[in-house]
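Chemist: Here it is: the structure, laid out below.
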Amino acid sequence: MRRRAAIDALINDEIERRRRQPEAFEVSSDILSLLLAARDEQGQPMTDQELRDELMTLLVAGHETTATALTWALYWLHRRPELRLRLQQELAGVDAAADPTAVLSLPYLAAVCNETLRIYPVGMLTFPRVVRRPVTLAGQRLEPDTLVIGSIYLAHRRPAVYPDPETFRPERFLETSYSPYEFLPFGGGSRRCIGMAFAQYEMKVVLSRILSRASLELDATHAAHPVRRGLTSGASPVRLRRTGSPHSQG
Ligand code: HEM
């Protein structure tokens, strides 16, 4: 609670600072400025509590999750250079400068992002659900008030669904169309991750920009592994070194 109070103080100071300088956020398009400028149907702005809650969601649920997923994607693409080359060839076919959204529909980029979220899902578990009426699930009868938590990690490693599940192989997403019961990195149903579209968008844009602009090298020979971080999983340290730009390598 002390830590939460410290974070609240930081966030509230920032909200207060922006409120004092309205001219600064009129031209700026960062998320806090947009939230401050937003008005509801009655023309009312968001309260400080609402602003704080939105920022907390972005920081806690939205920042580290996507950052970890991007770390894993860069790790796999540099541990398996043949996959990176294939992705870079696909990226070379679009003019991202002319149309930044062009990368969003690239099939191999989507497959790389999906395989990254399959093999080590950042959210290993869904949030808990509580049984309301008796129900039989996969042959198990569940009584009311039973707490059920879905294991995304285990679902993503079923050999019957994902042959050779320990291998990072984006191609499987080009060959097979998985159902929401087989591939669920963002959970499922009405409480599915609210940031899903944003996170996928962010992953594609950031990965394509990094790979088009910089040549990187994995700064380790050992394999990285997932580490538990409270509700989510992170990656053991992954270090990448910049060695130039893709163009300088021809
Ligand atoms: C790669 C990135 C992300 C992953 C893997 C991820 C994963 C998940 C998972 C597994 C859940 C639980 C869903 C369920 O129980 O069915 C969840 C919930 C949630 N996520 Fe994400 N998430 C990501 C990014 C984000 C972002 C960017 C935001 C916000 C901008 C966000 C906000 C939330 C919120 C608010 C919930 C709770 C939804 C509810 O209970 O109704 N997440 N996420």
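The values are calculated or read from the model by the stated rules, or taken from the named source; none is laboratory data. As the structure is a computational prediction, the values presented were derived from the model and not from experiment. Every residue, glycine as well, gets a Cβ built from its backbone with ideal geometry; the counts of neighbours run over all protein chains shown. For the accessible areas, the whole protein counts, side chains as well, though only heavy atoms, and no ligand, DNA or RNA atoms are used. Shrake-Rupley method; radii C 1.70, N 1.55, O 1.52, S 1.80 Å.
Chemist: Is there a residue being in contact (Cβ under 8 Å) with a residue 24 or more places away in the chain, open to solvent by 80 Å² or more (accessible area, probe 1.4 Å), within 12 Å of the ligand (Cβ to nearest atom) and not charged (D, E, K, R) anywhere in segment 196-203?
Modeler: yes
To keep it simple, each residue is scored yes or no on (1) more than 11 Å from the ligand (Cβ to nearest atom); (2) open to solvent by 50 Å² or more (accessible area, probe 1.4 Å); (3) of a type in the set (A, V, I, L, M, F, W, C).
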position	(1), (2), (3)
157	yes, no, no
178	yes, no, no
185	no, no, no
210	yes, yes, yes
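Chemist: Could you tell me whether any residue of segment 107-114 is away from the ligand (no atom under 16 Å from the Cβ) and either touching a residue at least 24 places away in the same chain (Cβ under 8 Å) or more than 24 Å from residue 155 (Cβ to Cβ) (or both)?
Modeler: Checking segment 107-114: at least one residue is away from the ligand (no atom under 16 Å from the Cβ) and either touching a residue at least 24 places away in the same chain (Cβ under 8 Å) or more than 24 Å from residue 155 (Cβ to Cβ) (or both).
Chemist: Let me ask something additional. Sort out which residues of segment 7-66 are in contact with a helix residue (DSSP H, G or I) (Cβ under 9 Å, 6 or more places away or on another chain), more than 30 Å from residue 227 (Cα to Cα) and acidic (Asp, Glu), and write them in order of number.
Modeler: Matches in segment 7-66: 14, 16, 26, 48, 50.
Yes/no matrix, rows are residues, columns are (1) in contact with a strand residue (DSSP E or B) (Cβ under 9 Å, 6 or more places away or on another chain); (2) within 23 Å of residue 86 (Cβ to Cβ); (3) acidic (Asp, Glu); (4) more than 16 Å from the ligand (Cβ to nearest atom):
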{"residue": "139", "(1), (2), (3), (4)": "no, no, no, yes"}
{"residue": "149", "(1), (2), (3), (4)": "yes, no, no, no"}
{"residue": "172", "(1), (2), (3), (4)": "no, yes, no, yes"}
{"residue": "189", "(1), (2), (3), (4)": "yes, no, no, no"}
{"residue": "215", "(1), (2), (3), (4)": "yes, yes, no, yes"}
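Chemist: Then there's this: Would you check which residues across segment 141-155 are over 32 Å from the mean Cα position of the chain (by Cα) and open to solvent by 80 Å² or more (accessible area, probe 1.4 Å) and list them?
Modeler: Selection gives 141, 143.
Chemist: Please work out which residue is farthest from the chain's Cα centre (by Cα), limiting yourself to segment 45-60 and to residues that are open to solvent by less than 60 Å² (accessible area, probe 1.4 Å) and hydrophobic (A, V, I, L, M, F, W, C).
Modeler: Filtering first and then ranking leaves 46.
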